[in-house]
Amino acid sequence: MQLIDGKSLAHTIHQTVIADVATLKQNKNIVPGLAVIIVGDDPASHAYVSMKEKACEKVGFYSIVHKMPITISQEEIIQTIEMMNQNPRIDGILVQLPLPKQIETEKILEVIDPHKDVDGFHAYNVGCLVTGLESFVACTPLGVMKMFEAYDINLQGKDVCVVGASNIVGKPMASLLLNANATVTITHIHTKDLKSHTLRADIVVVGVGKPNLITADMIKDDAIVIDIGINKLPNGKLVGDVDFENVAPKCSYITPVPGGVGPMTIAMLLANTLKSAKKRK
Ligand code: GUN
């Protein structure tokens with residue numbers, strides 16, 4: 001069994017971004033800029049945004065965070081995004097999800113200029129991804145693809161089971177895998193017999209948010225397991241969706257939590273923002 005070390009891979013990507021930022025500054029006097037909107041006071045969302053902010057600072061990006069109260073109106077969020085769309089110093093715009101109930105998330109995401117949509121959530125970018133056109137791709141699934149690449153894991157013809165069908169993770173993950181010629185099964189909350197699907201898979205990618213959802217009896221020998229889940233147990237311990245202790249010995253490769261996919265999400269956000277800045281007029 002080999003661990004897929006997301007922390008170390010993300011560190012390598014950060015170093016590349018730092019070097020590219022210096023070149024961009026020197027040659028074009030461009031400093032990549034990321035704007036983040038966060039609504040309400042969900043501690044997990046604030047923790048993620050704070051990590052994103054710190055990462056921007058570390059690699060030399062310009063970054064601004066707009067903290068908005070939970071009572072904010074949809075119109076006010078839209079106006080803020082429209083300002084960011086016009087701001088020449090901003091290359092990437094990210095609205096931290098989930099948004100409060102009174103806000104229509106799809107309407108908000110559609111206001112973001114697709115060329116600044118570094119989260120890849122705008123319908124334009126989702127459409128490009130599905131049709132195999134160049135686009136911004138959601139950071140977490142993109143990070144998983146980088147892990148496969150870094151560990152020389154060939155996806156062509158592999159049976160891959162994606163557990164979870166969210167717009168943020170499961171659906172873009174399945175599209176990327178399909179584009180890489182894998183045979184993809186997407187399972188979700190209504191799937192009748194999850195185990196029958198995971199047990200057949202060469203690769204299981206799970207991002208649901210349920211500790212111990214994937215147990216050793218659900219995984220075939222030498223499978224590859226990618227755990228996207230991040231769950232905080234009552235004792236404060238961070239775990240994924242996989243019963244790591246019992247599943248890991250059966251796997252050829254597995255990602256740990258923490259130190260697996262999580263750091264890659266942030267690395268891809270930096271990479272997407274840098275990509276946008278390189279295209280700045
Ligand atoms: N909420 C959970 N994951 C993400 C993410 O990758 N981007 C945004 N904007 N919100 C999230």
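Bear in mind that the values in this text are calculations on the coordinates, not laboratory data. Nothing here was measured: the structure is a model prediction, and the numbers come from that model. Because the Cβ atoms are built from the backbone with ideal geometry, glycine has one as well, and the counts that use them run over all protein chains shown.
Pairs with C-alpha atoms separated by more than 21 Å, drawn from the list Lys67/Lys279; Lys25/Lys281; Lys158/Lys250; Lys7/Lys28; Lys28/Lys54, are Lys67/Lys279; Lys7/Lys28; Lys28/Lys54. Using +1 at the Cβ of each Lys and Arg and -1 at the Cβ of each Asp and Glu in the chain, identify which of Ile108, Ser175, Pro32 lies farthest towards the dipole's positive end. Farthest along the dipole direction, towards plus: Pro32. Taking the C-alpha atoms only, the angle from helix 139-150 to the longest principal axis of the chain is near 60 degrees. Helix 6-28 and the long axis of the chain differ in direction by around 20°, with both axes built from C-alpha atoms. In the chain, if the dipole is taken from +1 on Lys/Arg beta carbons and -1 on Asp/Glu beta carbons about the Cα centre, which of Asn85, Thr265, Cys139 is farthest to the positive end? With unit charges placed on the Cβ atoms, the residue in question is Asn85.
Using the Cβ of Glu134 as centre and a radius below 12 Å, the other residues enclosed give a net charge of +2, where K and R count +1 and D and E count -1. Between Val169 and any residue 5 or more places off or on another chain, the built amide H atoms are never under 5 Å apart.
Distances between placed amide hydrogens fall under 5 Å for Ile64 paired with Leu34, Ala35, Val36, all partners being 5 or more residues away or on another chain.
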